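The values are calculated or read from the model by the stated rules, or taken from the named source; none is laboratory data. Nothing here was measured: the structure is a model prediction, and the numbers come from that model. Because the Cβ atoms are built from the backbone with ideal geometry, glycine has one as well, and the counts that use them run over all protein chains shown. These area figures cover heavy atoms from the full protein model, side chains too; ligands, DNA and RNA do not enter into them. Shrake-Rupley method; radii C 1.70, N 1.55, O 1.52, S 1.80 Å.
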Amino acid sequence: MEEPESAAVPALAANSWALLGMLSYQRELSGYDIRKWLHYGVRYYYGSPAFSQIYADLKKLEKMGFLTSRVDDGGPRSRRLYKITESGLDAVTRWARDTPADPPTLKHPAIMRVTLGHLSDPAALKQTLEEHIAYVDEMHLDAAKGARWAAADPKWTYARIALDWAERYYASERELTLRMIKDLDDAEATFPKVGEGIPLPGPEYWEEFEKRVAAESGK
């Protein structure tokens with residue numbers, strides 16, 4: 001297969017770069033291997049795509065010439081193994097070294113529930129946040145385990161540093177969520193009652209808002 005030119009970093013989705021990154025260690029890996037690696041080492045800060053997404057991206061990367069694959073019949077069941085090509089390694093190296101990191105995208109369903117609290121009530125919101133804390137505690141524990149495993153081998157120092165960050169991140173997320181529960185308690189007396197209706201601000205509100213922001217920033 002003809003390999004692509006290396007003049008510019010190609011426009012790939014975040015998941016595709018993660019897959020190339022996993023294969024940049026230059027070991028043959030199956031889609032299952034990659035999924036496990038992402039789940040135990042990367043999902044704390046980069047997500048963990050479904051198997052269907054992984055296999056779709058692997059096919060795309062192979063078509064682009066960044067991967068090769070072969071069927072291994074040596075085990076109890078056949079499996080397809082993927083290996084990075086020189087052009088794939090070149091592309092992911094330039095992406096990691098030379099391209100700016102995009103701002104993180106935060107989509108936080110629990111916080112959105114609080115934003116739309118006029119459709120709910122404080123007790124239900126606090127229950128949602130307490131369930132979120134349970135999730136955060138699980139992620140924090142798993143990230144801490146991963147960091148300890150990575151620390152056992154100096155070759156995994158970079159991964160250990162990233163997992164240490166993830167451990168601290170979830171500890172901070174826990175504290176922020178507990179603070180939000182307290183904020184709900186403190187503000188409960190001022191909440192509008194369900195059914196009162198809260199009108200969405202119109203264009204005139206945002207025009208005035210933007211004027212005030214510009215004035216405060218000296219623009």
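Okay, here's what the table says:
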{"item": "Listed residues PRO192, PRO203, PRO104, most fluctuating in the chain (Gaussian network, C-alpha, under 10 Å)", "result": "PRO203"}
{"item": "Of SER78, LEU67, GLY88, farthest towards positive along the dipole that unit charges on Lys, Arg, Asp, Glu beta carbons give the stretch 54-98", "result": "SER78"}
{"item": "Mean Cα-pair separation over length for the chain, i.e. relative contact order, pairs under 8 Å, 6 or more apart, %", "result": "19"}
{"item": "For ASP72, net neighbour charge (Lys/Arg +1, Asp/Glu -1) across residues whose Cβ lies under 10 Å away", "result": "+2"}
{"item": "Positive minus negative residues near ILE133 (Lys, Arg vs Asp, Glu; Cβ under 9 Å)", "result": "-3"}
{"item": "Heavy-atom surface of the stretch 25-152, accessible at 1.4 Å and reported per residue (Å²)", "result": "64"}
{"item": "Computed label-point distance, nm, for sites ALA56 and LEU89 using a 7 Å Cα→Cβ extension", "result": "3.0"}
{"item": "Solvent-accessible area, 1.4 Å probe, carbon plus sulfur percent, for the chain", "result": "56"}
{"item": "Listed residues GLY74, GLY202, GLY21, most fluctuating in the chain (Gaussian network, C-alpha, under 10 Å)", "result": "GLY202"}
{"item": "Length added when fully stretched, ARG97-ARG148, from 0.36 nm per residue minus Cα-Cα", "result": "15.7 nm"}
{"item": "Distance from the stretch 21-48 to the stretch 67-103 (C-alpha centre basis), Å", "result": "10"}
{"item": "Calculated FRET value between LEU178 and TYR205, using beta carbons and R₀ = 25 Å, to 0.05", "result": "0.15"}
{"item": "Pair-distance profile P(r), taking every C-alpha pair of the stretch 1-79, with 10 angstrom steps and integer %", "result": "16, 50, 28, 5, 0"}
{"item": "Filtered GluC sites (Glu not before Pro), the stretch 101-207: DSSP coil and at most 10 other beta carbons within 10 Å", "result": "GLU196"}
{"item": "Three-way shape call for the chain based on the alpha-carbon gyration tensor, with the a/c threshold at 1.5", "result": "prolate"}
{"item": "Value of [θ]222 nm, deg cm²/dmol, for the chain, DSSP H segments ≥ 4, -39500 (n - 2.57) each, nearest 500", "result": "-20000 deg cm²/dmol"}
{"item": "Residue with peak Gaussian network fluctuation, the chain [Cα springs, cutoff 10 Å], from LEU119, LEU29, LEU200", "result": "LEU200"}
